[in-house]
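Worksheet for the structure shown next.
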Amino acid sequence: MASFENKRVEDMNYFELLAWLGIGSSHPGGFPATKLNLEAIQIKPEDYVLDAGCGSGLTSCHLAKMIGCKIIGIDINPQMIEKAAQRAEKEGISHLVEFKLADVNQLPFAENTFDWVIAESVTVFLDKIQVYREFYRVLKPEGQVADLEMALLHALPPPLKKQLADCFGPNTNPVSFEEWSQSISQAGFQDVEIKNPQPLKNNGSLIANKLKKDWLLIKDLADKVTKQPGLISRLQKNVSFTRRTQGYFGFGLVYGRKPLPPARPKAGLKQWLLNALQIIHH
């Protein structure tokens with residue numbers, strides 16, 4: 001059992017809270033956005049894919065079933081990795097999908113390994129350029145990254161900035177679509193664009209919506225509230241923030257392609273003659 005299980009819910013960060021609640025997919029737009037984005041990027045059956053921050057493996061397993069490609073999913077949370085492995089086994093795709101405990105800031109893979117890196121609502125909590133440089137490193141030349149992230153449509157007033165940090169953690173840093181594009185470009189990617197940009201609809205918090213849709217989560221919720229009475233106020237804070245920030249946020253797929261390495265210049269006729277003369281003299 002993960003060590004954060006013994007924490008008070010008030011002291012859990014956003015990722016720990018999701019894992020403790022059993023929520024493995026709580027990104028902007030939810031799973032409908034995932035399916036829309038996968039249609040837009042068109043991963044091929046022969047592609048090798050890294051799912052960075054895979055959570056409970058919902059996206060990885062869906063992709064493996066739909067496309068038949070091989071995927072490695074990584075997450076920093078051991079409970080999520082366990083859930084993801086169980087999902088893959090239950091859905092009969094363990095031969096295509098592998099899950100590992102790892103940090104996106106230091107990926108345990110060699111350079112030029114993957115054809116695609118996909119991510120969903122991970123980079124917004126981290127140093128964007130550092131993460132994108134690590135994605136760049138493990139991608140093959142002409143490999144592609146597709147990162148679904150929340151974007152800032154309008155500057156947040158200071159009180160809402162504080163509430164953002166209270167809800168999601170002090171390192172949460174959504175930026176404009178332009179700044180997202182700049183970050184991935186600075187990491188070396190080309191053909192940068194934001195695919196499927198759209199405003200974030202105000203239909204409650206992502207966590208609350210997940211709890212409503214899954215009766216197993218609701219069934220488990222009463223026991224969790226008994227153990228952690230602070231859970232109710234934590235969820236209320238999340239819902240309140242979402243309502244107060246209507247119109248401030250959007251989301252989209254941050255896309256880029258790793259360029260081919262520069263071609264070595266061919267030796268000209270003059271250089272060829274010089275080389276030939278050196279050989280003759282020797």
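The values are calculated or read from the model by the stated rules, or taken from the named source; none is laboratory data. As the structure is a computational prediction, the values presented were derived from the model and not from experiment. Positions of Cβ are generated from backbone atoms using ideal geometry, with glycine treated the same way; all protein chains shown enter the neighbour counts. We work out accessible area using only protein heavy atoms, side chains counted, and drop any ligands, DNA or RNA first. Shrake-Rupley method; radii C 1.70, N 1.55, O 1.52, S 1.80 Å.
Summing Lys and Arg as +1 and Asp and Glu as -1 over all other residues whose Cβ lies under 11 Å from the Cβ of residue 156 gives a net charge of +3. For segment 1-157, the equivalent ellipsoid derived from the Cα gyration tensor has semi-axes of 23, 20, 16 Å, listed largest first.
Annotation note: GluC sites (Glu not before Pro) in segment 95-192 located in DSSP loop regions with a Cβ neighbour count of at most 11 within 10 Å are 111. Mind checking which aspartates and glutamates have their C-alpha under 19 Å from residue 201, skipping anything on the same chain fewer than 8 residues away? Candidates past the 8-residue exclusion: 120, 149. The heavy atoms of residue 136 offer some 60 square angstrom of accessible surface to a 1.4 angstrom probe. Only protein heavy atoms count here; under a 1.4 Å probe, residue 11 has an accessible surface of about 90 Å².
Residue 20 contributes an accessible area of around 20 Å² to the protein surface, as traced by a 1.4 Å probe with all chains present.
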